[in-house]
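Sharing a structure below in structure tokens format, with a few things to ask.
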Amino acid sequence: MPSISTRLFLILVMTTGLVWLSAVVWIFLSTRAEVERVLDARLMEAGRMVSSLIVSQDIKVDADQPLGAELPARPNLSYERQLSCQIWSLQGVLIGRSGGAPDQELAEHADGFSQTMINGESWRVYAITNADLGVRVLIGDNLTIRDGLVNDVIRGLLLPVLLILPALAGLIWLSVRRGLAPLNNIARDLEGRRASDLSPIKGVETAKEIVPVLDSLNGLFARVTRLRERERNFIAFAAHELRTPLAGLKTQAQVALASDERAIRDQALRQIMVGVDRTGRLVRQLLDMSAIEAREPAERRGAVKAGTVLSSLARELADPARKVTIEIAPGLDALELEIEPELFTLAARNLMENAVNHSPEGGVVRCHMAVEGEEQCIVIEDDGPGIAADELPKVTERFFRGRNKAPIGSGLGLAIVELALGRSGWRLRLQNRVAGGLSAIIAYAPASRAAGAS
């Protein structure tokens, strides 16, 4: 694909050439019409002049004597020397003619203008009849001469054009290069940067039409910078969170190997199992978050039967060892949500895991339906310690773990829930229960749907 400068140059040159060509055609047609009008007037004037000279006897004619007339000398003008004059009697006898005029009658018609062909040449003829004297005056103009006059005018116009067009093309090329200089400056600035340099482009003189592009490019740099910063923080936190349980696993394994007492070894192995569960959950959550962030928002959202999904998760996540049960309200079986099934399942899983992990022994996690305005929402609540009021705005941040953290948690669950719901146009709202524990509410948010799809 040609460069912008080449395309602009070709477009401007072709447009300019087309304008010039149209002007030449228009000038040619208008000049030809004007020349024909002027020369026809000259023919008429010459015919009337010869007729008046015959009447005044300045030209003596004898209708019975062929070539007896003496025509007056013509002015020494290039065009007038090309006019041909004939005087014919009404009986068809050539009485007189000018030098160079053909012997054949220029016109065989009544008075006025006509066009005839003589010896293969076209003539424009004006005829005037003097019935009193019995003569007809014919003034003819060879059309080849007329075309030559018009062509001379056009050549006079085209010659400057042919000389000017190369200079004009050069000026257009310089103007295009000059106009695109700001883009070249931006390109040089970007070409000289390091791959890690995402600072805004500043100090570049540019046209106002390019300013929106520059602002968008700087905005992209800012978003990429924030994304890279989040990725660095994510990797740092993930490495830290993985390092802690792995170190604990190694320590407990060393304790189990070094001890001869069965009780100590059993306790160490139980701690290893807890560490493996925590590490496995952390790895799964890291993979889930990465998958959500890499996923493009779907144009069409599916439908989910909330009760079916929550019942399946309840059977999977209940903790018989701590006697924590999960209750699903019967009304959820009929509730159908317009949300991505995978994202809803992911969000519900993390909320129910958090609720189970923070519930006391023998606690109950309740899932039921509530109504907010005209929208139905899902509430998952537990009997745990809840979240401190000053920590509520922060709990959805990645790797944030509050004062009432669970031993197996990693600080990613609520962040995954918020991200998954946001991608489907839903939102998460957390609030402490008066009776103790936490309520996690999954609610539809039309405003966040557009944000999630952006």
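A short reminder: the numbers here are calculations on the coordinates, not readings from a lab. Note that this is a predicted model, so its numbers are computed, not measured. Quick reminder, even Gly has a Cβ in these numbers, built from the backbone with ideal geometry, and neighbours come from all protein chains shown.
Label Thr16 and Ile201 with points 7 Å out from Cα along Cα→Cβ: what is the distance between them in nm?
Roughly 2.8 nm, to one decimal.
Let me ask you something else. With label points built 7 Å along Cα→Cβ from the Cα atoms of Ala131 and Asp277, find their separation and express it in nm.
Placing both labels 7 Å beyond Cα along the Cβ direction yields 13.3 nm.
Something else now. Give me a comma-separated list of calculated 3J(HN,Hα) values for segment 328-336, in order, Karplus coefficients 6.51, -1.76, 1.60 applied at θ = phi - 60°, integers in Hz, x for any Gly or Pro.
Values, residue by residue: 10, 5, x, x, 6, 5, 8, 7, 10 Hz.
Let me ask something else about it. For Asp288, Asp132, Asp141, Asp215, what ranking results if the residue with the fewest other Cβ atoms within 10 Å of its Cβ goes first?
By the 10 Å Cβ count, ascending: Asp132, Asp215, Asp288, Asp141.
Under the 0.36 nm per residue contour assumption, what length would be gained going from the current alpha-carbon distance of Asn119 and Ala334 to full extension?
Between Asn119 and Ala334, full extension yields 67.0 nm more.
Using a simple spin-label model with points 7 Å from Cα along the Cα→Cβ vector, what separation in nm is obtained for Val224 and Leu163?
5.4 nm
Taking θ = phi - 60°, what integer Hz values does the Karplus form 6.51 cos²θ - 1.76 cosθ + 1.60 yield along segment 216-232, in sequence order, with x for Gly and Pro?
5, 5, 5, x, 5, 4, 5, 5, 5, 4, 5, 5, 5, 5, 5, 5, 4
Excluding same-chain residues fewer than 8 positions from Lys208, which aspartates and glutamates have a Cα within less than 20 Å of its Cα?
Within the straight-line limit of under 20 Å, Lys208 reaches these aspartates and glutamates: Asp189.
List the residues, sorted by chain then number, that are 5 or more residues from Ile118 or on another chain and whose placed amide H is less than 5 Å from its amide H.
Close amide H contacts, sequence-distant or interchain: Trp123.
For the pair Ala435 and Ile210, what calculated FRET efficiency results from E = 1/(1 + (r/R0)^6), where r is the Cβ-Cβ distance and R0 = 41 Å, to the nearest 0.05?
Result of the calculation: an efficiency of 0.10.
Shifting gears a bit: Counting other C-beta atoms within 10 Å, which of Thr129, Thr279 has the fewest, and how do the rest follow?
So the ranking, lowest neighbour count to highest, is Thr129, Thr279.
Fewest to most neighbouring Cβ within 10 Å: what's the order for Glu105, Glu316?
Fewest-to-most ranking of Glu105, Glu316: Glu316, Glu105.
Which whole-Hz ³J(HN,Hα) couplings does segment 11-22 yield from phi under the Karplus relation 6.51 cos²θ - 1.76 cosθ + 1.60, θ = phi - 60°, glycine and proline marked x?
Per-residue couplings from phi come out as 4, 5, 5, 5, 5, 5, x, 5, 5, 4, 4, 4 Hz.
On to the next question. Taking Lys323 as the anchor, which aspartates and glutamates have their alpha carbon closer than 16 Å to its alpha carbon, excluding any fewer than eight residues away along the same chain?
Answer for Lys323, where 16 Å is the Cα cut-off: Glu353, Glu361, Asp382, Asp383, listed by chain and number.
Also: Under 18 Å Cα-Cα from Lys250, which aspartates and glutamates qualify once same-chain neighbours fewer than 8 residues away are excluded?
Glu241, Asp260, Asp266, Asp277
Taking R0 as 51 Å, what's the FRET efficiency between Arg262 and Arg315 from their Cβ-Cβ distance, rounded to 0.05?
Here the calculated transfer efficiency is 0.90.
Using 0.36 nm per residue of separation minus the Cα-Cα distance, give me the extension gain between Arg42 and Ala370 in nm, one decimal.
107.9 nm
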